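The values are calculated or read from the model by the stated rules, or taken from the named source; none is laboratory data. Please read these numbers as outputs of a predicted model, since none were measured by experiment. Counting neighbours? That spans all protein chains shown, and the Cβs are built from the backbone with ideal geometry, glycine included. We work out accessible area using only protein heavy atoms, side chains counted, and drop any ligands, DNA or RNA first. Shrake-Rupley method; radii C 1.70, N 1.55, O 1.52, S 1.80 Å.
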Amino acid sequence: MTADSLSSHNGSVRLIGLPVVSDPRGDLTFVEGGNHVPFQIRRVYYLYNVPVDSERGGHAHHELEQVIFALSGSFRIAVDDGRKRREYWLRDPRTGLYISRMIWREMDAFSQGAVCMVLASQPYDEADYIRDYNAFVQETERETAS
Ligand code: T46
């Protein structure tokens with residue numbers, strides 16, 4: 001496990017760097033599903049107009065994989081695999097945070113005007129969410145034991 005990653009039997013988290021093409025007109029970054037991110041992209045959503053004292057997330061996913069970017073501004077993401085917790089600050093549009101299945105995430109400390117873009121491996125499905133932390137930990141323990 002590198003300093004930039006979290007990895008367990010159940011899930012993993014790591015930073016992903018994207019290419020950047022710079023010229024006098026500005027910077028261009030691109031992302032290809034299955035290449036720069038380890039899944040085919042089936043959904044894109046973004047958070048904006050987020051109050052600076054807002055807290056988002058507070059859940060895990062049974063199956064969904066995502067990569068989260070700060071396209072503008074910054075925010076903090078705490079991730080938790082049921083045993084270990086670590087925090088990331090996202091503030092660079094070239095750097096995304098890959099979050100696998102079975103990782104709890106909480107987001108806060110949004111800067112004024114922050115824009116968060118998320119690439120997701122599946123369409124939205126409320127049944128894929130685990131919104132109770134104790135249920136999440138129990139699920140990780142069940143999976144580790146099996
Ligand atoms: C995650 C973090 C980073 C939809 O209808 N379609 C969608 O694609 C999404 C993402 C949400 N919704 C609905 C479901 C809720 O009624 O939008 C409402 C707010 O969703 P939620 O409270 O889950 O938003 P966040 O910001 O707490 O979490 C979202 C994602 O749901 C989650 O997967 O990892 O962003």
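With region 77-146 as the region, which strands (runs of 3 or more DSSP E) entirely inside it contain at least 1 residues that are within 18 Å of Ser12 (Cβ to Cβ), at pLDDT below 95 and open to solvent by less than 60 Å² (accessible area, probe 1.4 Å)?
So the answer is none; nothing clears 1.
Every residue in region 1-29 that is in a loop (DSSP other than H, G, I, E, B) and out of contact with any His (no Cβ under 8 Å at 6 or more places or on another chain), please.
Met1, Thr2, Ala3, Asp4, Ser8, His9, Asn10, Gly11, Pro24, Arg25
Scan (1) within 15 Å of the ligand (Cβ to nearest atom); (2) over 17 Å from Ser111 (Cβ atoms); (3) surrounded by 14 or more Cβ atoms within 10 Å (Cβ to Cβ) for the single condition Val44 breaks and write down its number.
(3) is the only condition that Val44 fails.
Go through Asp81, Asp53 for me and flag whichever is within 16 Å of the ligand (Cβ to nearest atom) and without any contact (Cβ under 8 Å) to a residue 60 or more places away in the chain.
Going through Asp81, Asp53 in turn, just one is within 16 Å of the ligand (Cβ to nearest atom) and without any contact (Cβ under 8 Å) to a residue 60 or more places away in the chain: Asp53.
Could you tell me whether Phe69 is open to solvent by less than 30 Å² (accessible area, probe 1.4 Å) and part of a loop (DSSP other than H, G, I, E, B)?
Here the answer is no, as Phe69 does not meet what is asked.
What is the one condition in (1) within 10 Å of the ligand (Cβ to nearest atom); (2) surrounded by fewer than 16 Cβ atoms within 10 Å (Cβ to Cβ) that Ser22 does not satisfy?
With (1) within 10 Å of the ligand (Cβ to nearest atom); (2) surrounded by fewer than 16 Cβ atoms within 10 Å (Cβ to Cβ) applied to Ser22, the lone miss is (1).
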